[in-house]
1. Which value, to two decimals, describes the C-alpha radius of gyration of the stretch 273-359 once divided by 2.2 N^0.38 Å?
2. What list do you get for Asp346, Asp441 if you sort them by fewest beta carbons within 10 Å?
3. Can you put Met369, Met420 in order of Cβ neighbours within 10 angstrom, beginning with the fewest?
4. Give me a comma-separated list of calculated 3J(HN,Hα) values for the stretch 461-471, in order, Karplus coefficients 6.51, -1.76, 1.60 applied at θ = phi - 60°, integers in Hz, x for any Gly or Pro.
5. Distance between the C-alpha centers of the stretch 346-395 and the stretch 60-84? Whole Å please.
6. Based on Cβ point charges of +1 for Lys and Arg and -1 for Asp and Glu, what charge dipole magnitude is obtained for the chain about its Cα centre, in debye rounded to the nearest 20?
7. Mind scanning Lys275/Lys322; Lys78/Lys232; Lys232/Lys275; Lys232/Lys322; Lys77/Lys428 and naming the pairs with a C-alpha gap bigger than 30 Å?
8. For the stretch 392-477, count the residues as N, evaluate 2.2 N^0.38 Å, and divide the Cα radius of gyration by that value, please.
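What follows is calculated from the coordinates using simple rules that are stated; it is not laboratory data. Here the structure is a predicted model, which means the values were calculated and not measured. FYI the Cβ positions are ideal-geometry reconstructions off the backbone, even for glycines, and counts take in every protein chain you see.
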Amino acid sequence: MSVAGLGRGARCVVAFVGMLVVCALALAGTTASAAPPDDSVPQRVPVRPVLPFPIPPLPPELDPGFYAPPAEVVVAKKPGDIIAAREVHLALYSIIPFNIDAWQLSFRSTNTRGEPIAAVTTVMKPRGDNGGQPRPLLSYQFPEDSNANYCAPSYVLQQASIPGNITSQYDIPFEFVAPLTALGAGWAVAMPDHEGPNSAFAAGPLAARITLDGIRAAENFAPMGLPGRDTKVGVAGYSGGAIVSSHVAEVRASYAPDLNIVGVATGGNEPDLRKTIELATNNAGSGIVFSGLLGVAREYPELDGYIQQHMNPFGRAMIPVKNALCLYSAGIFPFLNIPGLFDRPDPLHDPVPNEVFDAIRLGHSVPDMPVFIYQSNPDWLAPVGPVNAIVDEYCRNPNARVHYVRDHFSEHITLELIGMPRVLLWLKDRFDGVPVGSGCDIHDEGSMALDPATWPVWLQGAGTLLAGVVQWPIGSR
């Protein structure tokens, strides 16, 4: 298994890579423990066949049979147990299908109040046998950053879904090149709908539980061919996906100690929602950050009650509008004074919000696996100060294994793309068993894009994308 091995099929088409990339860019415009399953024997469950083209898939809001199974069915399962499975076709911007094996799994998870819930993940398996070697698994958390279920990856990635550049779910189709590149390297991939059944954007502890149970479900699903709980798992996500992945790193030991997570990589990090709100207020990022506050309220009823009681009529009138949109919501009322929407002098520190902000911030535990953290130093949306602070907090523990890079020539959006190759290379080392000693490695770079070790990965990613467009079976050797 090797990321570098992906480029073999691309060497004869190098002349077309530049054009391909241009075209692709043009298109993009506090936790409670849950008892782990008793075993990791693969579950053989009925798999529904894929819908014949051109029958479009239903968005989650119109597909309760799969996304909202009966409560008695969910409660009868253990965390990570599969409830239902179906084959799906994944496609480039909902149009051009990829020649890959992919399924959706409905599975049992648990919310932050200890209640059983159903969640969904999309899983992919490379074509080929990986040379007879056990496959690793990448759990990739997209920055869904929305409060509507149709903005989730399980819908957006499917062929014949409404394209993301129409629904305004731009991030997921754009970032799909990263898990697709991993698939071409021979890695299995899981992509959870980590916001859960209520689309609780920015509720990190909930999303971490769903992601961990989604990993269990992928390992339980016999067609994936994974070696059960011995599977080496890497976790990655950027921005909204980093909120999830960072909490996965903190709660794995308490919530899912059965999982063999060998590394977690996060970029565009937001360790403290309160500090993010303070930066966003009266700035361009206030629209999407306000959506995050509303998303958290969907998982924490006490915060929702506080909002309903203390937010002014203008703010309450925006709630149904913002909750109905994907990233168009980010453009509604930029430069908004978020604390000014409340009838309280300091709503960010009142008892109810204060308790919720403390529950969802990072720093409740130190990750027990290696972590790679990267951040734009001049990030205008996710302030670097709280990231520096959480790294310092981790590094006070002598057992911490942290690699932290601050990029000085990027900002939030550009680092989303620039950081992808470094993430894949770092995770490859974790899968290959390259040791990471205790301690912290903190340094600054002009631009992560100037690292020559990442340049072949750019070519590999473009080659994989091109191979997929021309229907080459991704992952075959």
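1. On the way: Rg = 11.7 Å, N = 87, 2.2 N^0.38 = 12.0 Å.
Dividing the Cα radius of gyration by 2.2 N^0.38 Å gives 0.98.
2. Least to most surrounded, the residues fall as Asp346, Asp441.
3. So the residues, fewest neighbours to most, are Met369, Met420.
4. x, 5, x, 5, 4, 5, 4, x, 4, 8, 6
5. 32
6. Once rounded to the nearest 20, the dipole reads 1240 debye.
7. In this structure, Lys232/Lys275; Lys232/Lys322; Lys77/Lys428 exceed 30 Å between Cα atoms.
8. Values: Rg = 16.1 Å, N = 86, 2.2 N^0.38 = 12.0 Å.
Expressed relative to 2.2 N^0.38 Å, the Cα Rg reads 1.35.
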